[in-house]
1. Can you compute the equivalent ellipsoid semi-axes for chain B, i.e. the square root of 5 times each eigenvalue of the Cα gyration tensor, sorted largest first and rounded to whole Å?
2. Any chance you could give the angle, 0 to 90 degrees and rounded to 10, that helix B:283-300 forms with the longest Cα principal axis of chain B?
3. Pick from A:66, A:37, A:46: which is most flexible by mean-square fluctuation in a GNM of chain A where alpha carbon atoms under 10 Å apart are linked?
4. Just tell me the longest site-free run in chain A, where the sites are trypsin sites (Lys or Arg not before Pro) in a DSSP loop having at most 13 other beta-carbon atoms within 10 Å.
5. Long-range amide H contacts for residue C:219: which residues qualify at under 5 Å (H placed 1.01 Å from N, peptide plane, sequence gap of 5 or more or a different chain)?
6. Evaluate the charge dipole of segment A:3-225 about its Cα centre and quote only its size in Debye, nearest 20, assuming +1 on the Cβ of each Lys and Arg and -1 on the Cβ of each Asp and Glu.
7. Please build a GNM for chain C, connecting alpha carbons under 10 Å apart, and tell me which residue among C:226, C:54, C:179 fluctuates the most.
8. In sequence order, what are the phi-derived ³J(HN,Hα) couplings for segment C:25-41 according to the Karplus relation 6.51 cos²θ - 1.76 cosθ + 1.60 with θ = phi - 60°, rounded to whole Hz, with x for glycine and proline?
Amino acid sequence: MDFRLFCTLALNGIAMGVVYAMLAMGLILLIRAVGVMNFAQGDLLMFGAYVTSSLILDFELPLYLMIPVSFICFVVIGLVFMFTIYWPLRKASYPAATIIATMGASIILKELATLIWGALPRSLPPIITDANGKPGILYIGGIPLQWQYVLTIIVGAILIFLIHMLFEKLYVGKMMQAACQDSYAANLMGVPAIATISATYIIVVCLASVGGFMIAPIYMVRNTLGTLQLRAFAGVVIGGFGNIKGAIIGSLIVGLVEVFSTVFLSGYKDVTVFMLIILFLLIRPQGLFGGKIADKA
Amino acid sequence: MKRKFSPEAIVLVSLLVLFIIITPRVLSGYSMNVVNIALMFAIVAYGISVMLGMGGQLTFAAVSFMGGGAYFMANMCTDRLGINMPTLPALLLTPVVFAGIAFVIGLLLLKLSGTYFTFSTIALVQVTYAFYNNYKPLFGGADGISGIPTLNLFGYKFTSYNTWFYVLIFLVIIVAVIVELIRDSQLGRSLAAIRDNETAALTMGINVYMTKVIAFTIAGALAAFGGALWCMHGRFVGSDMFNYLNAAQFIIMAMLGGVNNTVGIFVGALLVKVLPEILRSLQSYMQLIWGFFIILLMVFMPTGLAGLYEQIKANIKHKLQKKREGAGQ
Amino acid sequence: MIKIHNLHSYYGAIEALKGIGLWVRSGKITCLIGSNGAGKTTLLKSISGAVDCKGSIKYNDSTELIGRSSQKIARLNITHVPEGRHIFPGLTVKENLEVGTINWHGFFGRMPYQKEMEEVFELFPRLKERENQLGWSLSGGEQQMLAIGRALMSRPRVLMLDEPSMGLAPVIVSELFEKITEINRQGTTILLVEQNARLAMKVSDYTYVIDHGRIVLEGESLEVRKDPRVIKSYLGKFAKSHR
């Protein structure tokens, strides 16, 4: 393949990888908080895409207004999600019960989206367009790069970096980690567990929703966007369960593999990605960077 | 043994008999179709209950094997590959073939435990779905395979849904009995030990790995069997049925009635298929309510309807006992 | 410092504590001994707000603790080190200690806790050696030290220790109890719950014996140690007098 094609595909793959990474990061934060996988993660992305695109298309908010308003929406969604799924089930004796409850949430999110915004896919124009309304293109060294992909990478990377900093460097972040690792002890010490866990959920919703917003112009806003979570699962497995850095790298790998295998194997790109998971699970289940903390799953 | 003759059992059996007698008389056509599908799904759900209810292992693989069974029948019994097997032997062959396939896949996937294993089953579903949806020669691609002959039992063709009902209910009862027998067998007890505490089970000398593999094999064979029946009943097989979302539906079906309760699975399967039909008027809100229902179910009744029933029974017993004690004073 | 009157504590419908009266004297080490399931941990949980209870738990003769949330109680500088250590496995030693300050530290900003951390490291030099190691990688004894150190970071006025000796080798246990004595000497009131009755009575000033949810004996540790009932039930083969 020629160099131009390669670059386009690579850009595409990395952009998707960044979105998967945002989903994956959220997954891991929730595993630490709740101990189980969130099977509604992709649907949070989907719902976020609908909310943000609706604010732009239906309410015609300019970007600088849309951002704070959608943030408020994400806070609400995060709180509702936490209080309906996590809170009642935090002492669940049957761990599968929480997983299945998230499956229920997945269905609710899908149906809610269809009820509110209809069953037809909606198209959202890219953030940067040229004079004719077509997707804006950035030229580097003569190679065309779609602006939407570039922006996705930039926005995603910044968000991931900021949240990583929050958890690793700030005092508040450590309180949140503590509340997630042992809420009983954290409570005894005076950490307001409900507040910190709510904050975690809100962050996860933001991550997923921003990802949804960034890829909406590419994929169109539709209620099947939720299936993207399976790629995020793959990223988590490849990177090593529970390890955020690993999940990010794993997700990038998944994004690239997916995009490049579309060239050769069109309908079977799922096969490559998932064979990759199975391969990893069998040969190196701890992933590329897996550590011991992971095993809460 | 006492179970078989308790008042409960008698009530259940009577209800079952009533169900068998009344249903074909009141229903036909579309509604019968729905009930039949529920019965076939129940067979698949029984397979899931062996893995999840008895063994505590969450698996999505059921739809992969269901598809396998369905496409196997489709290819064996039509002219596509030049094989024109009569339906009965093909039907009986299906669980055998897929037990073998499930065994091999199980050997591979069950090297993983817990959520890693669950993931691998999701990956399996995605892979099989991709093939079912794309590989035309064997699976007919997105269009599927049609014109599958219906079940032919020594010359008697099951052409109406009502006649199918009798076959299916008979098969469901047999599968249910088999599952109950497994539950009380050494295999069932080993699975229960694994479910409750895998490490402890290991130390007790249980071969955890092989036990899980056997459970996986049984689940796979049952799922394939259900799939084979399904394709003969509907005379058609298409890839839509075998995706990740339906896999989730099956699991919910199993959990609804009580994943570890034989009667519960039967009731759960019926409810999941029949309820949406009854509530058709609420169609657009149907799925939404369904989603809420699942969450409520997990919060309040993770042991399913059967668990609720047991709780109510225990409550009543407790109250009766207190009354007796009070009176004795 | 903490006076408990007629405390009844419940786990759902089960009454675990049936009318407990206890006084944690200021500046002293008070210990609570009893067999498994007698209610020792329940008592600590009642004080720290983790269990439903009725009755009265008065702090400094003025503040009623029953009905307050665990977080509010922690903010009164009453710190509970739970059974089984419960350190944060995914945080480093240093981070674990930092989290201990939450009850007096604001959410943001950098209030100084260097002084407290230095004191903890002086008391437990082994923690200093491992300051950047993750919690899960520490040995049982080190985790117990970390749990106590973390509690010390909270500037406790009352320190409640639940079975600190559990699961630890005797050598580590004696070292630990020396530190506990040292902490008390520096002015912290301690309520010690222990299975190891001999050691508990050795370091403490006052002893309460609990059985089936009731206090069956109390007094100065020196006296209680000599009580033949205590010797028979709790001191076993370490008793000097026998039969």
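The numbers here are math on the coordinates, done by the rules we state, and not lab data. As the structure is a computational prediction, the values presented were derived from the model and not from experiment. Counting neighbours? That spans all protein chains shown, and the Cβs are built from the backbone with ideal geometry, glycine included.
1. In descending order, the three semi-axes are 34, 25, 19 Å.
2. 40 degrees
3. Greatest mean-square fluctuation among the candidates belongs to A:66.
4. So the longest stretch without any such site is A:170-291.
5. C:207
6. Here the size comes out at about 280 debye.
7. Highest fluctuation among the options: C:226.
8. Taking θ as phi minus 60°, the curve returns 6, 4, x, 10, 9, 10, 10, 10, 10, x, 6, 4, x, 6, x, 5, 5 Hz for segment C:25-41.
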